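J.: Have a look at the structure that comes next, please.
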Ligand SMILES: Cc1ncc(COP(=O)(O)O)c(C=O)c1O
């Protein structure tokens, strides 16, 4: 487990977000390497038996075994904990590894979770298919409807799980209000902030207890690594998460951590560029007769536009829209774009387009999908860092091939 308070980084106190992106977490290297090297080893030698015993007992700092902790992974954990203004972080082999680590740490038999309805498909599957077998019950609700949420809270509710902005409906939940609600009922608030990234929002500063990410997305940003991370508000929660991850064995590999940390350094630059383009593309789409509606938090037509302005520092690079011609028109669009790539995942330097109902969210039963706004005609678009005009031209040429 990383801990902000234990950072030996000389730049640890840099104030600006972009400076912390570059410097936070970097350890001073004995040979002068400017970046944290890849410690590609499974285990660490002890100088003597007593040292090994001390490290296991926790009375002496130092590394033991890479599933437990590794210096390359630690550098990334320290950096993200710093960016999220949390206490400590645990990096995992995938975003779902982070979701599983957190939920297995915080939930037990006969306990209850309240979760965003339009949650990522595999998170729904983990809760609905797997945690249910161990006696965990769940309600999937609209987390923008506070009275509706209040109505499903029970004494056994231990976790409120919110994805904001949500994938793929772009719904925005009021983190501060939901944190208050969860705490009043004795539950913890976990926020999946993958769509926002620490650049756009910092849920722990708004009252959340744990924030997690699929770092596969904007944090890494280059579509070449799968990974996850969870950041805890305090040390006690951090210990619970670390313990869960170590026993599950879904640690992040050092090489993976090196790549993610390298990608993370340019998060601000990538996100600034991509979100500028996303706004222009969203406005362009909204004016097209072929498009029924566009969901982008930066548009005044977005139902939580005002909330987005106060909770987020920008509107991000993700948008979704519905073609007037429904599913068939959406399919045709995905088959005829040439610059955007037809692929799942998001948050990378390349623009991606996909169809949630038949791809990322196909595992959610059709009635649940409809209830949470994931219509069959909804298209998800992740804006990369290409020229905005080229992306618009690409969509425009695809629109001419709809019939
Ligand atoms: C919002 C969100 N959370 C979690 C995940 C799971 O992440 P991973 O694919 O890295 O396991 C995803 C993946 O798309 C996601 O979009």
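J.: Take the Cα atoms of the stretch 267-399, build their convex hull, and give its volume per residue in Å³. Display every interim value, and only then the final one.
T.: Working: hull volume 13.9 nm³, N = 133.
It comes to 105 Å³ per residue, whole-number rounded.
J.: Rank these for me by crowding, 258, 44, going from fewest to most other beta carbons within 10 Å.
T.: The order, fewest Cβ neighbours first, is 44, 258.
J.: Please compute the Kirkwood hydrodynamic radius of the stretch 32-134 from all pairs of different C-alpha atoms, in Å with one decimal. Show your work: numbers first, answer last.
T.: Working: mean 1/r = 0.0599 Å⁻¹.
About 16.7 Å for the stretch 32-134.
J.: Still on this model: Can you sort 113, 175, 392 so the residue with the fewest Cβ neighbours within 10 Å comes first?
T.: On the way: 113 22, 175 27, 392 16.
Fewest-to-most Cβ neighbours within 10 Å comes out as 392, 113, 175.
J.: What is the projected area of the convex hull of the Cα atoms of the chain, averaged over all directions, in nm²?
T.: Values: hull surface 78.8 nm².
Computed as one quarter of the Cα hull surface, the answer is 19.7 nm².
J.: While we're here: Rounded to the nearest 500, what is the chain's calculated 222 nm mean residue ellipticity when only DSSP H runs of at least 4 contribute -39500 (n - 2.57) each, over all residues? Intermediate results must be reported in sequence, preceding the final value.
T.: Numbers: 15 runs with 148 residues, N = 403.
Roughly -10500 deg cm²/dmol at 222 nm, from the helical runs in the chain.
J.: Okay, moving on. Taking 0.36 nm per residue of sequence separation and subtracting the Cα-Cα distance, how much length would be gained by fully extending the chain between residue 255 and residue 288, in nm to one decimal? Walk me through the numbers before you get to the answer.
T.: Numbers: separation 33, 0.36 × 33 = 11.88 nm, distance 4.46 nm.
Length gained between residue 255 and residue 288: 7.4 nm.
J.: Once you have the Cα-Cα distance between residue 359 and residue 236, take 0.36 nm times their residue separation minus that, and quote the gain in nm to one decimal. Before the final figure, lay out the partial values.
T.: Numbers: separation 123, 0.36 × 123 = 44.28 nm, distance 3.78 nm.
Stretched out fully, the residue 359 to residue 236 stretch lengthens by 40.5 nm.
J.: Also: Test of understanding: in a Gaussian network model of the chain with alpha carbons linked when under 10 Å, which of 276, 47, 368 would top the mean-square fluctuation ranking?
T.: Comparing 276, 47, 368 in the GNM, the peak value goes to 47.
J.: While we're looking at this one, here's another question. Arrange the following residues from fewest to most other Cβ atoms within 10 Å of their Cβ: 79, 250. It would help to have the intermediate numbers written out before the result.
T.: Values: 79 31, 250 20.
Fewest-to-most Cβ neighbours within 10 Å comes out as 250, 79.
J.: Quick one: in the stretch 169-222, what % of C-alpha pairs are over 16 Å apart? The partial results should precede the final answer.
T.: Details: 605 of 1431 pairs.
Cα-Cα pairs of the stretch 169-222 separated by over 16 Å account for 42 percent.
J.: Given the options 143, 341, 116, which has the most mean-square fluctuation in a GNM of the chain, springs set between C-alpha atoms less than 10 angstrom apart?
T.: Taking springs between Cα atoms under 10 Å, the residue moving most is 341.
J.: Now for a different question. Please state the equivalent ellipsoid semi-axes for the stretch 174-306: what are the square roots of 5 times the Cα gyration tensor eigenvalues, largest first, in whole Å?
T.: Numbers: eigenvalues 185, 101, 26 Å².
They are 30, 23, 11 Å, listed largest first.
J.: For residue 146 and residue 31 in one chain, what is 0.36 nm times their gap in residues minus the Cα-Cα distance, to one decimal in nm? All intermediate terms of the calculation are to be shown ahead of the outcome.
T.: Values: separation 115, 0.36 × 115 = 41.40 nm, distance 5.44 nm.
Stretched out fully, the residue 146 to residue 31 stretch lengthens by 36.0 nm.
Each value in this text was obtained by applying a stated rule to the coordinates, not by laboratory testing. Predicted model only: the values in this text are computed from it and were never measured. Neighbour counts are summed over all protein chains in view; Cβ atoms, including those assigned to glycine, are modelled from backbone coordinates with ideal geometry.
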